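K.L.:
To start, I am sharing the structure in question, which I have written as structure tokens.
The values are calculated or read from the model by the stated rules, or taken from the named source; none is laboratory data. Here the structure is a predicted model, which is why all the values come from computation and not from measurement. Ideal geometry is used to build each Cβ from the backbone, glycine not excepted, and the neighbour counts take in all protein chains shown.
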Amino acid sequence: MSKYYDVVCLGGAINHPSYEKVDFNGVTIYPVQGYGNPMILRNILTIEQPDAILLFTDPRYWEWVWKMEDEIRTICPILLYHLWDDSPAPKYNRNFYLSCDSIPYISKQTGLFLEEVVPEYFLPDIPDWKTKYIPHGHPTDIFIPVNDNNEDYKKFISDVFKNKRDDYDFVVFFNNRNIRRKMVGDIYLAFAEFVRTLPIEKKNKCVLVLHTHPVDNDGTDLYALQKDLFPDVKVLFSDKKYPPQILNYLYNTADVTINLASNEGYGIATAESLMAGTPIIINVTGGLQDQAGYKGTLNQEAKWKSDDEKESPGEWCYSCYPETRSLLGSPKTPYIFDDRCDWHSATNGLKYWYNLSRIERKEKGLLGRQYLIENGHTIDQMEKSFKELFDSLFKTWTPRKRVSFDTI
């Protein structure tokens with residue numbers, strides 16, 4: 001975006017060492033606690049005089065912005081780059097959506113929800129900038145297949161595995177936060193069942209690499225899980241913060257990347273894995289469906305059809321279909337489905353990828369990379385799509401008149 005427009009960003013964190021604004025890669029960043037507040041935004045509107053405000057993450061975090069939308073939209077439009085994890089369509093977000101001038105969305109499923117909640121945004125005579133499908137973009141020059149003879153790659157892998165990568169027949173990779181909805185325990189169960197079916201001499205040649213914090217208050221204590229329930233399963237923990245180029249090495253060393261999340265808006269890790277040429281195992285939910293290569297736009301009922309009616313994913317993906325759904329909620333998000341696949345299905349997925357050669361796995365993973373590139377999941381395409389949206393928006397958007405109330 002910064003190659004087309006000047007970008008100013010509120011950089012949220014719990015605490016910053018300094019609250020002086022900084023410039024990073026052409027982007028001006030104002031450090032703020034949390035998500036900011038009306039006073040900071042009013043200062044930004046005065047100092048920077050933006051042509052548009054682009055919000056992202058769940059709408060509930062921006063309630064304070066929409067409470068002052070009568071001020072903002074007399075100056076510039078408000079956009080929400082939006083993603084919603086699961087059905088039912090969140091009708092409780094309708095007023096938030098109506099407080100936006102434009103809602104580009106990240107997954108096809110989110111587009112379906114928007115069409116149900118704010119159908120007026122999809123009428124034939126509505127400007128093309130009102131909604132637009134813009135999936136997450138990934139750099140094609142960072143997450144890439146790496147030659148096994150690359151010296152930096154070999155050194156990194158030997159440090160991670162404490163020996164040669166060739167000592168392992170099968171490496172399963174998980175890269176997500178250790179929180180409940182990521183279902184790390186089910187991944188343990190699936191991997192353990194898979195390993196226990198192997199001949200004795202093969203068991204130690206399979207390893208599960210968990211790139212996550214082993215202990216998280218929003219998840220569990222994976223060390224305790226390992227010690228008490230899975231002492232016979234080989235697991236490596238990786239909790240360092242790696243730059244993208246080094247993280248790419250982990251994707252490359254893996255034979256498959258797994259994500260069984262019961263809610264998943266998009267699934268960054270599986271997309272990065274495919275860009276590196278490594279195939280995936282997924283729970284069929286949320287934006288993970290976009291990466292799997294399903295044709296068209298899936299609706300929720302597609303997962304509950306009989307096996308002979310289910311649409312097949314691309315060759316780079318083994319799909320685990322949800323077996324149960326729970327309707328969860330909280331005061332801010334009163335309802336949302338939680339989709340749980342059977343971990344035995346993931347065991348079957350591990351067996352499927354294990355029974356292929358490493359060359360075959362890589363070939364299928366590269367098909368996934370090609371699919372993402374051809375279907376807009378790249379940084380270049382994401383930038384192009386946003387430029388098209390903003391160019392169209394700035395041509396036709398008009399400021400709203402401030403509403404006033406008079407007592408008679």
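K.L.:
Just to be sure, is Ile126 in contact (Cβ under 8 Å) with a residue 40 or more places away in the chain, assigned to a loop (DSSP other than H, G, I, E, B) and not assigned by TED's automatic domain parsing to the domain that holds Ile282?
P.N.:
Against the criterion (in contact (Cβ under 8 Å) with a residue 40 or more places away in the chain, assigned to a loop (DSSP other than H, G, I, E, B) and not assigned by TED's automatic domain parsing to the domain that holds Ile282), Ile126 does not qualify.
K.L.:
Still on this structure, please answer the following. Before we move on, is Glu315 in contact with a helix residue (DSSP H, G or I) (Cβ under 8 Å, 6 or more places away or on another chain), surrounded by 14 or more Cβ atoms within 10 Å (Cβ to Cβ) and acidic (Asp, Glu)?
P.N.:
Yes; evaluated as a whole, the condition is true for this residue.
K.L.:
If you take the residues in the stretch 360-379 that are touching a Phe, Trp or Tyr at 6+ places or on another chain (Cβ under 9 Å) and of a type in the set (A, V, I, L, M, F, W, C), which one is nearest to Val256 (Cα to Cα)?
P.N.:
Looking at residues that are touching a Phe, Trp or Tyr at 6+ places or on another chain (Cβ under 9 Å) and of a type in the set (A, V, I, L, M, F, W, C), I get Leu366.
K.L.:
Then there's this: Do the conditions hold for Ile281, that is, is it closer than 25 Å to Asp166 by Cβ and at pLDDT 95 or above?
P.N.:
For Ile281, the condition - closer than 25 Å to Asp166 by Cβ and at pLDDT 95 or above - is met.
K.L.:
Starting from the stretch 226-241, take each residue that is assigned by TED's automatic domain parsing to the domain that holds Ile200 and list its partners that are surrounded by fewer than 13 Cβ atoms within 10 Å (Cβ to Cβ), counting only C-beta distances under 9 angstrom and pairs at least six apart or across chains.
P.N.:
Asp232/Arg196; Val233/Arg196; Leu236/Lys162; Phe237/Tyr223
K.L.:
Might you let me know whether the stretch 184-193 holds any residue that is part of a loop (DSSP other than H, G, I, E, B), out of contact with any helix residue (DSSP H, G or I) (no Cβ under 7 Å at 6 or more places or on another chain) and either modelled with pLDDT of 95 or more or assigned by TED's automatic domain parsing to the domain that holds Glu360 (or both)?
P.N.:
No, the stretch 184-193 contains no residue that is part of a loop (DSSP other than H, G, I, E, B), out of contact with any helix residue (DSSP H, G or I) (no Cβ under 7 Å at 6 or more places or on another chain) and either modelled with pLDDT of 95 or more or assigned by TED's automatic domain parsing to the domain that holds Glu360 (or both).
K.L.:
Identify, please: which residue in the stretch 11-54 is touching a helix residue (DSSP H, G or I) at 6+ places or on another chain (Cβ under 8 Å) and under 24 Å from Lys130 (Cα atoms) and is, among those, surrounded by the fewest Cβ atoms within 10 Å (Cβ to Cβ)?
P.N.:
Out of the qualifying residues, it is Asp51.
K.L.:
Continuing with this model, one more query. Which ones in the stretch 165-183 are part of a helix (DSSP H, G or I) and either of a type in the set (Phe, Trp, Tyr) or under 28 Å from Tyr153 (Cβ atoms) (or both)?
P.N.:
Arg165, Asp166, Asp167, Lys182
K.L.:
Just to be sure before I move on: is Trp66 in contact (Cβ under 8 Å) with a residue 24 or more places away in the chain, within 30 Å of Ser326 (Cα to Cα) and touching a helix residue (DSSP H, G or I) at 6+ places or on another chain (Cβ under 8 Å) in the structure I sent?
P.N.:
no
K.L.:
Can you pull out every residue in the stretch 390-408 that is farther than 19 Å from Asp128 by Cα and β-branched (Val, Ile, Thr)?
P.N.:
Val403, Thr407, Ile408
K.L.:
Let me ask you something else. Pairs needed: first member in the stretch 1-18, modelled with pLDDT of 85 or more; second member anywhere, among the acidic types (Asp, Glu); C-beta distance under 7 Å; at least 6 residues apart or different chains.
P.N.:
Every condition considered, the pairs that remain are Val8/Glu48.
K.L.:
In the stretch 364-408, which residues are more than 24 Å from the chain's Cα centre (by Cα) and either free of Cβ contacts under 8 Å to residues at least 40 places away in the same chain or closer than 24 Å to Asn147 by Cα (or both)?
P.N.:
If the condition is that a residue be more than 24 Å from the chain's Cα centre (by Cα) and either free of Cβ contacts under 8 Å to residues at least 40 places away in the same chain or closer than 24 Å to Asn147 by Cα (or both), then Asp391, Lys395, Thr398, Ser404, Phe405, Asp406, Thr407, Ile408 are the ones that fit.
K.L.:
Among the candidates Ser306, Ser330, Ser326, single out the residue that is assigned to a strand (DSSP E or B), modelled with pLDDT under 95, of a type outside the set (Lys, Arg) and farther than 28 Å from Val195 by Cβ.
P.N.:
Only one candidate qualifies: Ser326.
K.L.:
Taking Glu48, is it without any contact (Cβ under 8 Å) to a residue 40 or more places away in the chain, farther than 20 Å from Ile14 by Cβ and charged (D, E, K, R)?
P.N.:
Answer is no for this residue.
K.L.:
Of all strands (runs of 3 or more DSSP E) completely enclosed by the stretch 15-118, which ones contain at least 1 residues that are farther than 24 Å from Asn263 by Cβ?
P.N.:
Filter on the stretch 15-118 gives 22-24, 27-33, 53-56, 78-81.
K.L.:
Somewhere in the stretch 197-206, is a residue under 18 Å from Lys362 (Cα atoms) and in a strand (DSSP E or B)?
P.N.:
Yes, the stretch 197-206 has at least one match.
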